1. Would you calculate the volume per residue, in Å³, of the smallest convex hull containing every Cα atom of the range 5-53?
2. Per the Kirkwood formula on distinct C-alpha pairs, the Rh of the range 123-251 is how many angstrom?
3. How large, in percent, is the carbon and sulfur part of the accessible surface of the range 135-259 at a probe radius of 1.4 Å?
4. Quick one: give the max-minus-min coordinate of the C-alpha atoms of the range 1-91 along each principal axis, largest first, in Å.
5. Keeping all protein chains in position, work out how much accessible area Lys191 exposes to a 1.4 Å probe, and write it in Å² to the nearest 10.
6. Would you mind telling me the antiparallel percentage of the DSSP bridges in the chain, rounded to 5?
7. Rounded to the nearest 500, what is the 222 nm mean residue ellipticity of the chain from helices alone, with -39500 (n - 2.57) per DSSP H run of 4+ residues and division by all residues?
8. Tally Lys and Arg at +1 and Asp and Glu at -1 over the other residues with C-beta under 10 Å from the C-beta of Val6: what net charge comes out?
Amino acid sequence: MTRRVVLIGHPVAHSLSGAMQQAAFDELGIDASYELWDRAPIDLADSIAELRGDEFLGANVTIPHKERVVPMVEKLTEEAQAIGAVNTLTREGKRLVGHNTDVAGFKVALDHLVGRQKMPRQAVVLGAGGGARAIVYGLIREGFHRVIVFNRHLHRAEGLVKHFSRSASHMELRAMPWHESIIESEIAKTKVLINATSIGLTSDDSPVGAEVLHDELLVLDLIYARTQLLKDAAAAGATTSDGELMLLHQGAAAFTLWTGQPAPLGLMQTKLAEARAGGVRSAEGEPTGEPATEAAATPE
Ligand code: NDP
C-alpha cells in the first residue's frame with residue numbers, strides 16, 4: 001500500500017515542501033506520496049479526522065491552521081504544548097500526535113543568520129500566528145532578554161504573550177500595536193528583526209517601510225523567497241536570510257518523525273533549490289519566486 005503524507009493549509013499552492021519530501025521518500029525507497037491539501041478553516045476538522053486512516057503516515061500543517069489543530073489531536077509533544085502550535089502530525093493507531101518542528105528549523109536559521117557574531121539578546125517579531133509562536137519560543141529558549149511582538153490584530157499578539165507568560169517571566173516579552181512609528185522606534189533599538197507575517201508571500205508588499213531598516217540589523221523573513229523586506233534590508237546594509245533553511249530543517253525533522261529514518265538533507269536542499277528556481281507558486285498559481293539567496297542555499 002502506498003502510504004500518504006499530506007500538507008494541510010490554505011493556501012498551499014506556494015509550498016515547496018512537496019518537492020523535497022517526495023524526493024526524500026523516493027531516495028530512501030519509501031513507498032509514500034506527499035500531497036497538498038488546500039483546506040479552508042471550516043473543513044479542517046474533517047481533514048484531520050481523515051488522517052486517522054491506515055494509509056496515512058502523518059501530515060504537515062501550515063498557514064493558517066497551526067494553532068487551530070492543537071485541540072483536534074489526542075496527544076501533543078512537550079514542545080508543541082509549550083508553543084501552542086502544531087506543524088507536524090504523526091499517527092499512533094487511530095490517535096494523532098501533534099509535534100512542532102518549526103522550532104528546530106528556526107534554531108538552524110537563527111544560528112546561520114547570526115553567524116560568528118555574539119548571539120543578540122533583543123528581537124522584534126512581526127506577526128503572532130503559528131509560525132511566530134515557534135519563533136518566540138525559540139528566542140526565549142535561546143536566552144533573549146527583550147522580545148517585542150507586533151501584530152495587525154493586537155489581541156492575538158497579547159494572547160501569544162500571555163501564553164508564554166510563565167516561560168518568559170525572567171525577561172521582557174511584550175505585545176505592541178501595529179503602528180509605524182512604534183515599529184520604527186523598536187527596530188531602531190533592536191538587532192534582530194523577524195518577519196513571521198505572511199505579508200510578502202504572494203505580493204511585493206513589505207511589513208515595514210524601507211526607511212526604518214538599518215545596517216546593524218539581522219533580518220530573517222520566514223517566507224522562502226527574496227521578499228521586498230529582504231531586498232530593502234539588504235539595500236540598507238543589513239544581514240538577511242529567508243525562510244529556506246527553516247523550511248529545510250523543519251521538513252527534515254518531520255521526515256524522521258514519519259519514517260524513523262534520518263532525512264537526506266543534501267538531496268532535500270537541492271530539490272528545494274530546484275523547485276524554487278522554477279518559480280514559487282503563489283496562491284493563485286502565478287509564479288512569484290526568485291532564485292535562492294546565497295544564505296539560504298548554503299548547505300548546513
Ligand atoms: P498564520 O496564519 O498563523 O499567521 C499569519 C500572520 O500574518 C498573522 O500574524 C497575521 O496577522 C499576519 N498577516 C497576514 N496578513 C497580514 C496583513 N495584510 N497585514 C498585517 N499582518 C498580516 O500563519 P503562520 O504563522 O503559519 O505563517 C506566517 C508566515 O510564516 C507564512 O508566510 C508562512 O509561509 C511562514 N512560515 C515559514 C516557515 C518556514 O519553515 N520557512 C515556518 C512557519 C511559517 P493577524 O493575526 O492580524 O491576522
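The values are calculated or read from the model by the stated rules, or taken from the named source; none is laboratory data. Because the structure is predicted, anything quoted here is derived from the model rather than measured. FYI the Cβ positions are ideal-geometry reconstructions off the backbone, even for glycines, and counts take in every protein chain you see. Calculation scope for accessible area: heavy atoms of the full protein, side chains included, ligands and nucleic acids excluded. Shrake-Rupley method; radii C 1.70, N 1.55, O 1.52, S 1.80 Å.
1. For the range 5-53, the hull spanned by Cα atoms encloses 55 Å³ per residue.
2. Working: mean 1/r = 0.0687 Å⁻¹.
Result for the range 123-251 stands at 14.6 Å.
3. Values: 2450 of 5210 Å².
Roughly 47 percent of what the probe reaches on the range 135-259 is carbon or sulfur.
4. 34, 26, 23
5. About 60 Å², rounded to the nearest 10.
6. Close to 20 percent.
7. Working: 11 runs with 111 residues, N = 300.
Rounded to the nearest 500, it is -11000 deg cm²/dmol.
8. Numbers: positive: Arg4, Arg39; negative: Glu35, Glu50.
Result for the local shell: 0.
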